[in-house]
Amino acid sequence: MRFIDRVKILVESGKGGDGCVSFRREKYVPRGGPDGGDGGRGGDIVIRTDTHLSTLIDYRYRREYRASRGAHGKGSGMTGADGEALILRVPPGTVIMDASTGETLADLVDGDFVVAEGGRGGKGNSRFATSTRQTPRFAEPGKEGQRREIVLELKLLADVGIVGLPNAGKSTLISRISAAKPKIASYPFTTLIPNLGVVRMDDFRSFVVADVPGLIEGAHEGIGLGHQFLRHVERTSVLLHLVGLAPDDGSAVEAYRTLRSELEAYGFDLAGKVSVVALNKADLLDRAAREEVLADFREGTGVDPHVISAVTGEGLPRLVGQLADAVEREKTGRGEE
């Protein structure tokens, strides 16, 4: 299944029903007055979050959505029925934007948002009766609904986002520290869709981690899969920079610098987020080689990283503990419970 995280759709709320022109016809009442009812209100277009959804793929093939119109008013002062609202369900974390202006209309973590209000129903002729105009022979038409083109964009809700070049071991890591079961293989871009996993600690703390497509140089400009990835880490509290130590992974220092430069170029203060650095695949190096790489990394970056093996589990408890502490501090700082 292809991961769909951005779609453009056309929505149109329902037109209001027309007001009615009607006069009473009662036995023994020779001059019945106006009794035309109002038209019903058109249906709204409502976007609602649904925790059972994880992608916007439902909107891949159908791009136009219209709510039902309000019913026309009737005689005897009867108001037409309101049109039924059309509910469009999206995953939590969906941003709704106006396609023509780029304005963000709503950032839906939970709940509903009325993206297009139904048209008001027209007034029936009974509404226009006055002491000087006792038999109005006109009514008001219903108002048109709202028509707008919108963009739905999904940004994953995760506490920790794992950033790394292709084959850094992100999928293996998330499979070891959570119950997530991502696809794992020894070629670049194994991860074609984001994976979410819940990490549960022995002290009953937990946090959500996201494993998403690997970055390459130029990702912020749309090169590779990184441009699909970067917007998904805008919401995260903490970024885990994962760098591979295998001979085929190249220079750990250069890999880290590439990650940092792409985050800075993308913007949205990604580079300013709390970060933790881990050097992965330590099981592939002997002790001497490991110490040499670690020393070079510290000297070249000024960062003291974790040294781990996602395959053997080496260093993972300490890494997970630091991530949990960082997430907890960030949430406390934002006043979250």
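Each value in this text was obtained by applying a stated rule to the coordinates, not by laboratory testing. Keep in mind the model is a prediction, meaning the values are calculated, not measured. Virtual Cβ from ideal backbone geometry, glycine too; neighbours counted across all protein chains shown.
Values as computed for the structure displayed
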item	result
Among 101-114, 153-166, the order from most to least packed when residues are scored by Cβ within 10 Å on average	153-166, 101-114
C-alpha center-to-center spacing [segment 242-279, segment 139-166] in angstrom	30 Å
Between segment 52-88 and segment 282-328, the alpha-carbon center distance in angstrom	54 Å
Under Karplus coefficients 6.51, -1.76 and 1.60, residue-wise ³J(HN,Hα) of segment 146-156 in Hz, glycine/proline x	7, 10, 8, 9, 10, 10, 9, 10, 8, 10, 4
Relative contact order of the chain, defined on C-alpha pairs under 8 angstrom at six or more residues apart (%)	15 percent
Acute angle (nearest 10 degrees) that the helix 316-333 long axis makes with the longest principal axis of the chain, alpha-carbon atoms	40 degrees
Calculated from backbone phi, Karplus (6.51, -1.76, 1.60) coupling profile of segment 55-65 in Hz, x at Gly/Pro	8, 9, 5, 4, 9, 6, 9, 9, 10, 10, 9
Gain upon complete extension [residue 132, residue 112; 0.36 nm per residue less C-alpha separation]	2.5 nm
Listed values (i) 6, 25, 31, 25, 12, 2, 0; (ii) 5, 21, 28, 24, 15, 6, 1; (iii) 6, 20, 23, 16, 11, 8, 7, 5, 3, 1, 0, 0, entry calculated as P(r) over Cα pairs in 10 Å bins from 0, in percent	(iii)
Percent of beta bridges antiparallel (DSSP, the chain, rounded to nearest 5)	55 percent
Linear extension gain, residue 48 paired with residue 331, 0.36 nm per residue minus alpha-carbon span	99.3 nm
Debye-sum result for segment 8-113 in log10 I(q)/I(0), which assumes one identical scatterer on each alpha carbon, at q = 0.13, 0.16, 0.20, 0.23 Å⁻¹	-0.61, -0.77, -0.99, -1.14
Estimated vicinal HN-Hα couplings, Hz - segment 166-177 in sequence order (Karplus 6.51, -1.76, 1.60; Gly, Pro = x)	x, 6, 6, x, 4, 5, 5, 4, 5, 6, 7, 9
Packing rank of 5-12, 34-41, where each peptide gets the mean count of other beta carbons within 10 Å, highest leading	34-41, 5-12
Structure-based [θ]222 nm, the chain - -39500 (n - 2.57) summed over DSSP H runs of at least 4, per residue, nearest 500	-5500 deg cm²/dmol
Modelled FRET efficiency - R0 56 Å, residue 99 with residue 311, Cβ distances, 0.05 increments	0.80
Rounded tilt (10° steps) of 287-301 against the dominant C-alpha axis of the chain	60 degrees
Nearest-ten-degree value, helix 252-266 long axis tilted from longest Cα axis of the chain	20 degrees
Cα gyration tensor shape for segment 99-162, rounded if a/c is under 1.5, else prolate or oblate	prolate
Members of 8/331; 8/155; 74/143; 15/123; 170/331 lying beyond 22 Å, as alpha-carbon distances in this model show	8/331; 170/331
Peptide ranges 312-321, 17-26 listed from the most packed, as the mean C-beta count within 10 angstrom indicates	17-26, 312-321
